[in-house]
Amino acid sequence: MISKENRNIIAINLDKNQGYGGGILKGMEELEKQSPLVLGWMWGDGQISPEILPELYRACISGADMAKATRVMRHDGIQRKLISAAYGEVMKLIGSQTKDVNGCPKLFSLATWRNLKLDSKDWFLDAQAILRAEEKGLYIAQQPTTMNKRKHGKSKVNWRTVAEFSVNLTKWSWKKK
């Protein structure tokens, strides 16, 4: 296992699939124990170049509470583009000022991460991070990037994702009332 060869790599083993958010939260929990200045997550499918990470890191070190990629050019399928566009419009309707709520990577100062107290174990985690940060008046730095064409596998964004998002957004809206 690579974590035995490199102490900077932390192996995280989950007995069962915890969902998108659940897996990220578990990883963030382990990272938080190291008390880093900046922590966050990034997709591992190669659609976003890791070359964006230094700029996002610098933004956090320079005072941004959170820094994220904003996909300004997308090379994905029509279904994904339509769902993402609709998602973005709904987020605007509920008052979000952040472009591309789901854009990753997302980096946080340690204090911000602890302050947000995220708990969504599904695809709503990205929206929850943005909505809570906006609610608290935090500064979110955004870096434009290109979303490259997927080289392997298929997108998991589909009608189930839309339904899940709708349920979560309804719950979020009710909590605010």
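Taken together, the values in this text are just the output of simple stated rules run on the coordinates, not laboratory data. All figures in this text were calculated on a predicted structure; none of them were measured in a lab. Backbone-built Cβ (ideal geometry, glycine too); neighbour counts: all protein chains shown.
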Practice task
Taking 7 Å along the Cα-to-C-beta vector as the label spot, tell me the Ser96-Lys176 distance in nanometres, rounded to one decimal.
Solution key: 1.1
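From the helices alone, meaning DSSP H stretches of at least four residues, give me the mean residue ellipticity at 222 nm for the chain, per-run term -39500 (n - 2.57), in deg cm²/dmol to the nearest 500. Could the numbers behind the result be given before it?
Details: 7 runs with 79 residues, N = 177.
Taken over the chain, the calculation gives -13500 deg cm²/dmol.
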Exercise for the section: List the residues whose amide H sits under 5 Å from the amide H of Cys104, counting only those 5 or more places along or on another chain, with H placed 1.01 Å from N in the peptide plane. Expected result: Ala69
Problem - Selection from Met28, Ser155, Ala129, by position along the positive dipole direction of the chain (Cβ) - result: Ser155
Exercise for the section: Work through the residues other than Ile10 whose Cβ is under 15 Å from its Cβ and net out their charges, Lys, Arg +1 and Asp, Glu -1. Expected result: 0
Exercise for the section: Please give the residues of region 1-26, grouped as numeric ranges, whose backbone N is less than 19 Å from a label point set 7 Å along the Cα-to-Cβ vector of Lys156. Expected result: 12-26
Exercise for the section: Give the calculated FRET efficiency between Glu55 and Lys117 to the nearest 0.05, with a Förster radius of 30 Å applied to their Cβ-Cβ distance. Expected result: 0.65
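So for region 25-112, averaging the separation of alpha carbon pairs under 8 Å that are six or more residues apart and normalising by length, what relative contact order in percent results? It would help to have the intermediate numbers written out before the result.
Details: 85 pairs, mean separation 41.3, N = 88.
Taking the mean separation of contacting Cα pairs over the length of region 25-112, I get 47 percent.
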Handout entry: Cβ-based net charge around Ser84, under 9 Å, with every Lys or Arg adding one and every Asp or Glu removing one
Key = +2
Handout entry: Cβ-based charge dipole, region 2-176, positive-most Cα from Asn115, Trp174, Gly77
Key = Gly77
Practice task
Calculate, for Ile9 and Gln79, the FRET efficiency according to 1/(1 + (r/R0)^6) with r their C-beta to C-beta distance and R0 41 Å; round to the nearest 0.05.
Solution key: 0.70
